[in-house]
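Undergrad: Can you keep this structure in mind? I'll have questions shortly.
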Amino acid sequence: MSFVGHLSELRRALVISVLAIVLGAGLGFYWHNEFLRLLMSQVPGVRFVIVSPTEGFAAVLRLSILLGLFVALPIILREIFWFVGPAFSQRQRLLLVPVLLASYCLFVLGVCFAWFTLLPLGVSFLIGFTPQGIQPMLSIGRYVDFTSTLLFGTGLLFQVPVLMLLVALLRLVSRSTLLSRRRFVYLGSFVVAAVITPSVDILTQSLLGGTLIFLFDESSFLMRWVS
């Protein structure tokens, strides 16, 4: 395919992906009250406020866009497959399909892990320092930013196995090279966990850091089957 042909395919993939995000964001905006109630249910006993006239609308808009990205992710991954697929051999394309499916499943798994484990632990730890006699109040805009960063950040970190398998498919880095730098990966896992987690407690950071190490070790084992 010519260079112009590649640009045409890229434009088509981008247009379809953007339309999917817009449609998903529209659905998210329609159901935003339900999703906001779910978010606020993670911190019972806390009063939510807005500190500027535009904060409520901005929080709803941000939440809607994030929900749109979540809904549109399967379509985005499909477009990525159709765009980059011709660059791979037939064997690699057959392996790429389950890799992309695993990517979405891992993203959902990462979001669920953050929702059911990291978010409750982190928020409870931080709110627990509120002195007695003081009513905790949170800005809804900052809380949406806080939770979305944690949820989507954890979902993206769960893409480690997919990235490692793609690296093996493209033969960019060998499995032995990655294993020889395992100690740096272990250290980096806890550094990243310290940045992503919302609290400074060692339990939350250890949970995410240990999970990243587990994903790395399991992915390094699977790399031998695709390299």
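Undergrad: Suppose the filter is at pLDDT 80 or above and either in contact with a Pro (Cβ under 8 Å, 6 or more places away or on another chain) or among the hydroxyl-bearing types (S, T, Y) (or both); does S89 pass it?
TA: Against the criterion (at pLDDT 80 or above and either in contact with a Pro (Cβ under 8 Å, 6 or more places away or on another chain) or among the hydroxyl-bearing types (S, T, Y) (or both)), S89 does not qualify.
Undergrad: If you don't mind, there's one more thing I want to ask. Suppose we filter region 155-199 for residues that are of a type in the set (A, V, I, L, M), touching a residue at least 24 places away in the same chain (Cβ under 8 Å) and closer than 22 Å to L121 by Cα; how many remain?
TA: 4
Residues checked against (1) over 27 Å from L7 (Cβ atoms); (2) among the small types (G, A, S); (3) assigned to a helix (DSSP H, G or I):
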| residue | (1), (2), (3) |
| --- | --- |
| A72 | no, yes, yes |
| F83 | no, no, yes |
| V99 | no, no, yes |
| L106 | yes, no, yes |
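Undergrad: Criterion first (more than 19 Å from the chain's Cα centre (by Cα) and part of a helix (DSSP H, G or I)) does E34 satisfy it?
TA: Considered against the rule, which asks whether it is more than 19 Å from the chain's Cα centre (by Cα) and part of a helix (DSSP H, G or I), E34 comes out as yes.
Undergrad: Just to verify a result, which residue in region 105-150, among those that are open to solvent by 50 Å² or more (accessible area, probe 1.4 Å) and among the hydroxyl-bearing types (S, T, Y), is modelled with the lowest pLDDT?
TA: The residue in question is S124.
Undergrad: Taking region 126-141 as the region of interest, how many residues are assigned to a helix (DSSP H, G or I) and not β-branched (V, I, T)?
TA: So the count comes out to 2.
Undergrad: State all residues of region 19-30 that are under 13 Å from E79 (Cβ atoms) and surrounded by 13 or more Cβ atoms within 10 Å (Cβ to Cβ); if no residue qualifies, say none.
TA: A20, I21
Undergrad: Within region 39-66, how many residues turn out to be open to solvent by 90 Å² or more (accessible area, probe 1.4 Å) and either in a loop (DSSP other than H, G, I, E, B) or free of Cβ contacts under 8 Å to residues at least 40 places away in the same chain (or both)?
TA: Result for region 39-66: 6.
Undergrad: Within region 67-91, how many residues turn out to be over 18 Å from R11 (Cα atoms) and open to solvent by less than 30 Å² (accessible area, probe 1.4 Å)?
TA: 2
Undergrad: Regarding region 34-55, can at least one residue be identified that is under 24 Å from R78 (Cα atoms) and of a type in the set (A, V, I, L, M)?
TA: Among the residues of region 34-55, not one is under 24 Å from R78 (Cα atoms) and of a type in the set (A, V, I, L, M), which makes the answer no.
Undergrad: Could you check region 151-209 and list, in sequence order, the residues that are modelled with pLDDT under 80, in a loop (DSSP other than H, G, I, E, B) and open to solvent by less than 80 Å² (accessible area, probe 1.4 Å)?
TA: Matches in region 151-209: V173, S174, T197, P198, S199, D201.
The values are calculated or read from the model by the stated rules, or taken from the named source; none is laboratory data. If you're wondering where the values come from, they're calculated on a predicted model, not measured in any experiment. Note that we place each Cβ from the backbone using ideal geometry, even for glycine, and neighbour counts take in every protein chain shown. Side chains are part of the model used for accessible areas, which takes the heavy atoms of the whole protein and leaves out ligands, DNA and RNA. Shrake-Rupley method; radii C 1.70, N 1.55, O 1.52, S 1.80 Å.
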